[in-house]
Amino acid sequence: MTGKHRVILIRHVKTEYNETKRISGQADIAILQDTALEFIDDFTGVIYSSPLKRCRQTLEKLCPKLLDSVVYDSRLTERCMGIFEGNKRFEMQQKFPEYFIKGKLNVFKTIPEGETFSEFYERVYSFYLDRLVKAEKNVLVCAHNQTLKVLKAILFQDEITLDYWGKNNFENGKMYEYYFE
């Protein structure tokens, strides 16, 4: 990034899958409509978003006057979770314990029919190189928990370990602001 910039990362607001502890992955599901967000119609900069419905609807609530300026980028979609998508986390843990460590999904394991971690990382890194490195304005990114974890690690040059993964969760609908020179 050139100059001093503000980067805002926001995870989409809650969905039924979040409420029922289902694994979303790339399922194109809607947000829970009763979710309130603070408007940010005064944002100046560029807005990037996953094209999935839950991110589109989050931005409709968050910044309705800025929707025409949103750039939808498929590299911001959530990691493909293969056969786990749409299933309850607990049920998948019972059925496929080899993909979990201490009750948490092992991010480095590839779920059948899912995206490998390296494919996922490279996709998000490609977005970073194409969009954020060249940014001359403030940036807002609306995406998904795993996508934002990877993007944050790239921004801060953090190594992604199981410890990092467990400690860096993005709450639904919460904005995280970072400043960069």
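The values are calculated or read from the model by the stated rules, or taken from the named source; none is laboratory data. A quick note: this is a predicted structure, and the numbers were derived from the prediction, not measured. Because the Cβ atoms are built from the backbone with ideal geometry, glycine has one as well, and the counts that use them run over all protein chains shown. Calculation scope for accessible area: heavy atoms of the full protein, side chains included, ligands and nucleic acids excluded. Shrake-Rupley method; radii C 1.70, N 1.55, O 1.52, S 1.80 Å.
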Item to check | Residue count, the range 58-74 (criterion: of a type in the set (S, T, N, Q) and open to solvent by 40 Å² or more (accessible area, probe 1.4 Å)) | outcome: 2
Checklist entry - Among the residues of the range 132-139, is there at least one that is at pLDDT 95 or above and farther than 19 Å from residue 70 by Cβ? => result no
Checklist entry - Being closer than 30 Å to residue 134 by Cβ and either of a type in the set (Gly, Ala, Ser) or open to solvent by less than 50 Å² (accessible area, probe 1.4 Å) (or both), is that true of even one residue in the range 84-102? => result no
Checklist outcome for this item: Condition set in a helix (DSSP H, G or I) and among the small types (Gly, Ala, Ser), scope the range 147-174, selection surrounded by the most Cβ atoms within 10 Å (Cβ to Cβ): answer is 153
Checklist entry - Which ones in the range 46-57 are in contact with a strand residue (DSSP E or B) (Cβ under 6 Å, 6 or more places away or on another chain) and open to solvent by 30 Å² or more (accessible area, probe 1.4 Å)? => result 46, 51, 57
Next on the checklist: Suppose we filter 122, 136, 177 for residues that are acidic (Asp, Glu), loosely packed, with under 15 Cβ neighbours inside 10 Å and part of a helix (DSSP H, G or I); which single one remains?
Outcome noted: 122
Checklist entry - On the given criteria, is residue 178 touching a residue at least 40 places away in the same chain (Cβ under 8 Å), closer than 25 Å to residue 57 by Cα and not hydrophobic (A, V, I, L, M, F, W, C)? => result yes
Checklist outcome for this item: Note on residue 77: of the conditions (1) under 15 Å from residue 48 (Cα atoms); (2) touching a helix residue (DSSP H, G or I) at 6+ places or on another chain (Cβ under 9 Å); (3) surrounded by fewer than 17 Cβ atoms within 10 Å (Cβ to Cβ), unmet is (3)
